[in-house]
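*Asks:* Before anything else, here's the structure in question.
The values are calculated or read from the model by the stated rules, or taken from the named source; none is laboratory data. Please read all numbers here as calculations on a predicted model, not as lab measurements. Cβ sites come from the backbone with ideal geometry, for glycine too, and all protein chains shown count toward neighbours.
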Amino acid sequence: MPAIEIKPDIYWIGVNDRTTDLFEGMWPITDEGVTYNSYLIIDEKKVIIDLSKAIKTDTFFDNISEKVKLSDLDYIVINHMEPDHTGVFQILRKMAPQCRILGTPKTKKMLETFYGITDNVIEVKDGETLILGKTELVFYHTPFVHWPETMMTYERKNRILFSCDGFGGYGALQGTIFNDQCGNIDFYKKESLRYYVNIVAKFSNPVLKAIDKLKDVDIAVIAPSHGLVWRKNPAEIVKLYKKWAEYAAGKTEAGITLLYGSMYGNTEMMMNAVAQGISKEGIPVEIFDVARTHSSYILPSLWTKRGVMIGAPTYEASLFPPMAQAVGAAVHKRIRNKKMAMFGSYGWSGGALRELEKLTEGAKWELTDSYTFIGRPAAEDLKAGENFGASFARLVKEE
Ligand code: FEO
């Protein structure tokens, strides 16, 4: 996509990526895509804010050259060093060596370790301003949204906050960069949540601190480095991020994530009975087959919902490995304080439940009930499973 004007003399010059399969080498985006948003401000001083991953670099440099000569650039503002925003650095450095690079003290160190760049680098203090001509930039240090060196940059004249990973989301552009022109906003909200839980959620406290720090800043446009530019009601994405960040410690939604895996259909039969019981109680339930669903899609449900129902067979005297992997991913992402129940089939000895409790102990997933059975569930087992699901749903509702 060519450069897009956001405000007079301020342009989106990013890259729309529909070819990368795995974000950070692990999170699937084959169907959804992603953007690496970069921005250009043309004033007496000419500035690029954040760069791009080293993909489609021809498009990226075409977007810059469309508006300004590389030799005329004065500054590059680096809000965040992760290579999805800095991958083009080595080429850019060769093409525009005169550019001064602005970032936090930690950014300065990372520029050396990631790219061997040590000259023309300027540390900016928290709250420091830089006059560009008619407008000026203010730098706010926001550590750990998402790495320790991160900051956000505020452009005063047009009241634009360049927030980098903060308020960003997965999702390639579908013809527009702006939220008010987007006819598929629910897709971007869903992908923002998936991005939040996959990438940022572990740093929810720093996210809340950053939101609090910026609460008195007059923001008309939020321009993150992934996903849509929020120029209509930018408070909407801030509110969503705040809500998701507060889930880390506070009360989540009255709903149940039902994770199951099944080797020969026995645990799956029980899963259907348990799900019937849950649904009869009128509580939302999301069901995932852990052997067939990447944890990227499971984690948002676990993050937002209060209850977790686990359906897994015993496998070689332990928990069904795809379930251990899914639960392990949730524990790694600090998904904590859940009500949990477990059901599953075993052949001759149990073991799944014991391993599940061990896995989730540190994350405080409280086991409230369990129902295990040998081999194929009989009709009375299925009836009991339905009641088991209903009683767990009531417990989650009542909390
Ligand atoms: Fe979009 Fe943490 O990089």
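*Asks:* Within the bounds of the stretch 43-50, is there any residue that is within 16 Å of the ligand (Cβ to nearest atom), within 30 Å of Y297 (Cβ to Cβ), in contact (Cβ under 8 Å) with a residue 24 or more places away in the chain and surrounded by 22 or more Cβ atoms within 10 Å (Cβ to Cβ)?
*Replies:* The answer is yes; a qualifying residue exists.
*Asks:* Can you find even one residue in the stretch 13-32 that is under 26 Å from G127 (Cα atoms), modelled with pLDDT of 95 or more and out of contact with any Asp or Glu (no Cβ under 9 Å at 6 or more places or on another chain)?
*Replies:* no
*Asks:* Does any residue of the stretch 133-145 turn out to be of a type in the set (S, T, N, Q), more than 15 Å from the ligand (Cβ to nearest atom) and in contact with a strand residue (DSSP E or B) (Cβ under 9 Å, 6 or more places away or on another chain)?
*Replies:* Within the stretch 133-145 (the criterion being of a type in the set (S, T, N, Q), more than 15 Å from the ligand (Cβ to nearest atom) and in contact with a strand residue (DSSP E or B) (Cβ under 9 Å, 6 or more places away or on another chain)), the answer is yes, since at least one residue qualifies.
*Asks:* For the stretch 130-146, check the following and say yes or no: at least one residue is farther than 18 Å from I13 by Cβ, surrounded by 24 or more Cβ atoms within 10 Å (Cβ to Cβ) and of a type in the set (A, V, I, L, M).
*Replies:* Yes: the stretch 130-146 contains one or more residues that are farther than 18 Å from I13 by Cβ, surrounded by 24 or more Cβ atoms within 10 Å (Cβ to Cβ) and of a type in the set (A, V, I, L, M).
*Asks:* Further, regarding this structure: Determine which member of the set A220, A210, A201, A245 is of a type in the set (A, V, I, L, M, F, W, C) and surrounded by fewer than 19 Cβ atoms within 10 Å (Cβ to Cβ).
*Replies:* A220
*Asks:* Among the listed residues I122, I55, I78, identify the single one that is among the β-branched types (V, I, T) and more than 16 Å from the ligand (Cβ to nearest atom).
*Replies:* Among I122, I55, I78, only I122 is among the β-branched types (V, I, T) and more than 16 Å from the ligand (Cβ to nearest atom).
*Asks:* Moving on to the next point. State the number of residues belonging to the stretch 223-238 that are within 16 Å of the ligand (Cβ to nearest atom) and surrounded by fewer than 19 Cβ atoms within 10 Å (Cβ to Cβ).
*Replies:* 0
*Asks:* Can you tell me which residue in the stretch 26-42 is nearest to the ligand (Cβ to nearest atom), limited to those that are in contact (Cβ under 8 Å) with a residue 60 or more places away in the chain, closer than 13 Å to Y170 by Cα and not hydrophobic (A, V, I, L, M, F, W, C)?
*Replies:* Of everything passing the filter in the stretch 26-42, Y36 is nearest to the ligand (Cβ to nearest atom).
*Asks:* With more than 16 Å from the ligand (Cβ to nearest atom), aromatic (F, W, Y) and touching a residue at least 12 places away in the same chain (Cβ under 8 Å) as the only criterion, which of F61, F23 stands out?
*Replies:* F61
*Asks:* Counting only residues that are away from the ligand (no atom under 16 Å from the Cβ) and either touching a helix residue (DSSP H, G or I) at 6+ places or on another chain (Cβ under 6 Å) or more than 30 Å from T20 (Cα to Cα) (or both), how many does the stretch 155-172 have?
*Replies:* Number of matching residues: 5.
*Asks:* Here is a further query. How do the pairs read when you match residues in the stretch 180-201 that are without any contact (Cβ under 8 Å) to a residue 24 or more places away in the chain and closer than 13 Å to V145 by Cα with residues anywhere that are within 16 Å of the ligand (Cβ to nearest atom) and assigned to a loop (DSSP other than H, G, I, E, B), using Cβ under 6 Å and keeping only pairs 6 or more apart or on different chains?
*Replies:* none
*Asks:* For the stretch 83-153, which fully contained strands (runs of 3 or more DSSP E) count at least 1 residues that are over 29 Å from the mean Cα position of the chain (by Cα) and touching a residue at least 40 places away in the same chain (Cβ under 8 Å)?
*Replies:* Those strands (runs of 3 or more DSSP E) span 129-131.
*Asks:* Could you say whether any residue in the stretch 292-303 is assigned by TED's automatic domain parsing to the domain that holds A273, of a type in the set (K, R) and surrounded by fewer than 20 Cβ atoms within 10 Å (Cβ to Cβ)?
*Replies:* The answer is yes, given that some residue of the stretch 292-303 is assigned by TED's automatic domain parsing to the domain that holds A273, of a type in the set (K, R) and surrounded by fewer than 20 Cβ atoms within 10 Å (Cβ to Cβ).
*Asks:* Could you check the stretch 173-193 and list, in sequence order, the residues that are within 14 Å of the ligand (Cβ to nearest atom) and out of contact with any Asp or Glu (no Cβ under 8 Å at 6 or more places or on another chain)?
*Replies:* If the condition is that a residue be within 14 Å of the ligand (Cβ to nearest atom) and out of contact with any Asp or Glu (no Cβ under 8 Å at 6 or more places or on another chain), then S192 is the only one that fits.
*Asks:* Within the stretch 1-20, restricting attention to residues that are more than 14 Å from the ligand (Cβ to nearest atom), among the charged types (D, E, K, R) and part of a strand (DSSP E or B), which residue is nearest to M152 (Cα to Cα)?
*Replies:* K7
*Asks:* With the requirement that a residue be of a type in the set (V, I, T) and outside any loop (DSSP other than H, G, I, E, B), what does the stretch 202-250 give you?
*Replies:* Scanning the stretch 202-250 gives V207, I211, V221, I222, V229, I237, V238.
*Asks:* What helices (runs of 4 or more DSSP H), lying completely within the stretch 257-375, carry at least 3 residues that are modelled with pLDDT of 95 or more and hydroxyl-bearing (S, T, Y)?
*Replies:* Filter on the stretch 257-375 gives 295-304.
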